[in-house]
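Remarks on the structure that follows.
The values are calculated or read from the model by the stated rules, or taken from the named source; none is laboratory data. All values derive from a computational prediction rather than experimental measurement. Cβ: placed from backbone, ideal geometry, glycine included. Neighbour counts: every protein chain shown.
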Amino acid sequence: MQQCARCNRQLKSEKSMELGYGPTCYRKHLKEQADAEFLRNQMTIDEVIQHEERRKSA
């Protein structure tokens, strides 16, 4: 049997084996990916101000 990539428990269903995660760990994995993507797309207020200053001076 295959093991979960997150918690190393044995995977029981065929779907879990295809995904490489148990159902709970897969939900956590998807949430972590979504959170990481959200953070990558964020700008700090300093970045916004710098962008506006560059735009005005161009």
Note on segment 18-45: residues of a type in the set (D, E, K, R), loosely packed, with under 12 Cβ neighbours inside 10 Å and modelled with pLDDT of 95 or more are Glu18, Arg27, Lys31, Glu32, Asp35, Glu37
Going through segment 1-21 one residue at a time, which ones are in contact (Cβ under 8 Å) with a residue 12 or more places away in the chain and of a type in the set (Ser, Thr, Tyr)? Ser16, Tyr21
Taking segment 6-36 as the region of interest, how many residues are hydrophobic (A, V, I, L, M, F, W, C) and touching a Phe, Trp or Tyr at 6+ places or on another chain (Cβ under 6 Å)? 1
